[in-house]
Amino acid sequence: MTVAVETGLWQLDPTASAVAVRHKTFWGLVTVKGTFAAVAGRGEVAADGSATGTVTLDAASLDTGNAKRDTHLRGSDFFDADHHPEVTFAVRGAELRADDTAHVTGQLTVRGISRPQTLTARLTGVAADALTLEAEFTVDRDQFGMGWNQLGMMRGLTTVTATLRFTRAGA
């Protein structure tokens with residue numbers, strides 16, 4: 001069943017949205033998980049059904065449940081939040097498919113470094129005034145200047161999961 005998404009402007013609802021990361025450390029024995037507490041965004045659906053928009057994370061809002069680790073992640077070895085306070089995904093295009101997924105192309109910017117990113121999002125809830133998208137994709141942190149890897153503890157890709165709830169923006 002294909003659903004129609006209303007054209008117009010959409011605003012991210014930060015209280016109903018979540019962006020999390022997970023990465024295997026200690027030679028793959030431990031998985032570190034964290035959530036960004038501050039998420040913002042907006043989007044626009046065009047008459048042809050395509051969409052563009054932006055999702056922004058406050059880099060300093062990453063919480064892994066370990067204050068010392070969080071301080072390190074916010075520092076220059078990783079997000080460098082003092083100099084690059086935002087992580088941004090700029091959606092250049094999103095095309096809804098027959099199976100209620102959307103093929104999304106965009107630009108991910110971390111630490112001031114931008115790279116193309118493509119992903120598939122699932123449309124998990126649609127109403128006239130709200131929609132929810134879920135996505136999971138991997139990121140090579142080395143491509144964003146986050147190559148810190150003491151004793152080879154942090155190899156591989158970081159997985160990003162997002163549940164994003166958008167509501168119709170006021171006219």
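From the phi of every residue in segment 66-83, what ³J(HN,Hα) in whole Hz does the Karplus formula 6.51 cos²θ - 1.76 cosθ + 1.60 yield, where θ is phi - 60° and glycine or proline is x?
9, 4, 5, 5, 4, 4, 5, 5, 6, x, 5, 5, 10, 6, 6, 4, 5, 9
Could you pull the Cα extents of segment 25-111 along its three principal axes, largest to smallest, in whole Å?
48, 31, 18
Give the long-range amide H neighbours of residue 41: residues separated by 5 or more places, or on another chain, with amide H under 5 Å away, using H modelled in the peptide plane at 1.01 Å from N.
It is 12, 56, by chain and number.
Please list the radius of gyration and Dmax for the chain, considering alpha-carbon atoms only, with Å as the unit.
Rg then Dmax for the chain, in Å: 16.7, 54.
List the residues, sorted by chain then number, that are 5 or more residues from residue 17 or on another chain and whose placed amide H is less than 5 Å from its amide H.
For residue 17, the qualifying residues are 165.
With θ taken as phi - 60° and the coefficients 6.51, -1.76 and 1.60, list the Karplus ³J(HN,Hα) couplings across segment 56-62 in order, rounded to whole Hz; mark glycine and proline as x.
Going residue by residue, I get 10, 10, 7, 4, 6, 8, 5 Hz, with x marking Gly and Pro.
Based solely on its DSSP helices, what 222 nm [θ] is calculated for the chain when runs of n ≥ 4 H residues each add -39,500 (n - 2.57) and the sum is averaged over all residues, nearest 500 deg cm²/dmol?
When only DSSP H runs of four or more count, the value is -1500 deg cm²/dmol.
Each reported figure results from applying straightforward, stated rules to the coordinates on display, with no laboratory input. Everything numeric here is computed off the predicted structure, so don't read it as measured data.
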